[in-house]
């Protein structure tokens, strides 16, 4: 065995043996099918290969750090997903203080790290946060694991929808570590016996794990930039080439023509030619100097750049005017063009809202188990994760619609075509488009209270009279015996 083979065997021997064993297990008995995998079957694996996964992570990070458009794609999604200020509000003051303790913990500092974690999740497609719980108080502290250190994500063998563990790669100086993925308490009871046994073997702690841009039987995540990575690089190279082209087009040379001159005469005229700006060059009719620049016949680079941009922005649903391209856009069309974008961003927002809720739910669960929170569960979990409204509303258009609907409802009531309760329900549906939710059932009581406080006796008499004839009480018309 040569030196090269001995080095390969000593360094990569174990890896090669494991890979050979994996391939032998996945292949059929015939030699022609060796090394191939069936397209169908119960063991189809939708994950990228380990090398592809690692390369995707490094490419995603490199693009975010070096490519302006890639950075913008990540940052714009992150900024739309995050709410400004505290992203949760608990009804009970005790729960609010407890969650604040977790949020502003000097290690967690979620007010700073939440933005980074969402950015990392979008770049790498995954997020892994080890969880450490104080037994006395149930207080939760989060760590961070670089997704490039993850070897595999294990799932319940009988239900691939439930990821149960994170296995890390070998690290010099450390044994291979494995973490139990935190799942809702209800899900613990539906895990298969095999999954429960596997989780007991993950003894290095527990963690939150989240993956995006994947399918159900692919527990590993995908970077937001994976599908457009090559196009981002091509677009960047296109811009560099365009810059070189314009630099060449801006260059020029002096064409010095000496009529009837030999080589020595031409050389003498070149030496006498002063090219400094503002200088005077004296010559007779036999000498002619002219500045010439290249004429490069090339396609319109603006159209090419627009083609690249739109191809990259397309999978994200972003219109071109969001990234510096004006196009044929006015205010009205710009609002309509943003609708697909907000739909796609809302989908991402819902996922990250669920991720934050999972962490806060676990923190409350630990507080209840540690008896640090002493209250019924329904009160402890009575909180809301606040996310920003994404859609852009044309307030002027809605104001016109609300005015027209209000006038129509008033006319309908005056002519006894509709009762007050139904009119309020219709008005509530219209006003909801502005993000205002009306308490229709309690509206009569609130209005009556305001009228009493203002001393409007006519309103109360009118209300009592109307109630007698059923104007304020809904009674079904159809189906009565």
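The values are calculated or read from the model by the stated rules, or taken from the named source; none is laboratory data. Since we're looking at a predicted model, the values are computed, not measured. No Cβ is skipped: glycine too gets one built from the backbone with ideal geometry, and neighbour counts run over all protein chains shown.
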When you scan region 148-169, do you find a residue that is over 20 Å from residue 56 (Cα atoms) and outside any strand (DSSP E or B), even just one?
yes
Answer yes or no as to whether residue 371 is surrounded by fewer than 16 Cβ atoms within 10 Å (Cβ to Cβ) and modelled with pLDDT under 85.
no
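Return yes when residue 96 is closer than 30 Å to residue 117 by Cα, modelled with pLDDT of 85 or more, in the same structural domain as residue 160 (by TED's automatic domain parsing) and part of a helix (DSSP H, G or I) and no when it is not. I'd like the intermediate steps shown before the answer.
On the way: closer than 30 Å to residue 117 by Cα: yes; modelled with pLDDT of 85 or more: yes; in the same structural domain as residue 160 (by TED's automatic domain parsing): yes; part of a helix (DSSP H, G or I): yes.
So residue 96 fits the description; yes.
A quick yes/no check of all residues on (1) under 27 Å from residue 118 (Cβ atoms); (2) surrounded by fewer than 19 Cβ atoms within 10 Å (Cβ to Cβ); (3) in contact (Cβ under 8 Å) with a residue 24 or more places away in the chain:
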| position | (1), (2), (3) |
| --- | --- |
| 157 | no, yes, yes |
| 173 | no, yes, no |
| 203 | no, yes, yes |
| 214 | yes, yes, yes |
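Per-residue answers, yes or no, for (1) at pLDDT 80 or above; (2) under 19 Å from residue 377 (Cβ atoms); (3) crowded, with 16+ Cβ neighbours inside 10 Å; (4) under 22 Å from the mean Cα position of the chain (by Cα):
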position: 327; (1), (2), (3), (4): no, no, no, no
position: 332; (1), (2), (3), (4): no, no, no, no
position: 337; (1), (2), (3), (4): no, no, yes, yes
position: 343; (1), (2), (3), (4): yes, no, no, yes
position: 350; (1), (2), (3), (4): yes, no, no, yes
position: 362; (1), (2), (3), (4): yes, yes, yes, no
position: 365; (1), (2), (3), (4): yes, yes, yes, no
Among residues of region 129-155 being within 23 Å of residue 213 (Cα to Cα) and touching a helix residue (DSSP H, G or I) at 6+ places or on another chain (Cβ under 6 Å), the residue surrounded by the most Cβ atoms within 10 Å (Cβ to Cβ) is 147
With the condition kept exactly as written, say whether any residue in region 383-396 is assigned to a helix (DSSP H, G or I), modelled with pLDDT of 85 or more, exposed (fewer than 14 other Cβ atoms within 10 Å of the Cβ) and in the same structural domain as residue 101 (by TED's automatic domain parsing).
no
In the set 104, 124, which member is modelled with pLDDT of 90 or more and crowded, with 19+ Cβ neighbours inside 10 Å?
124
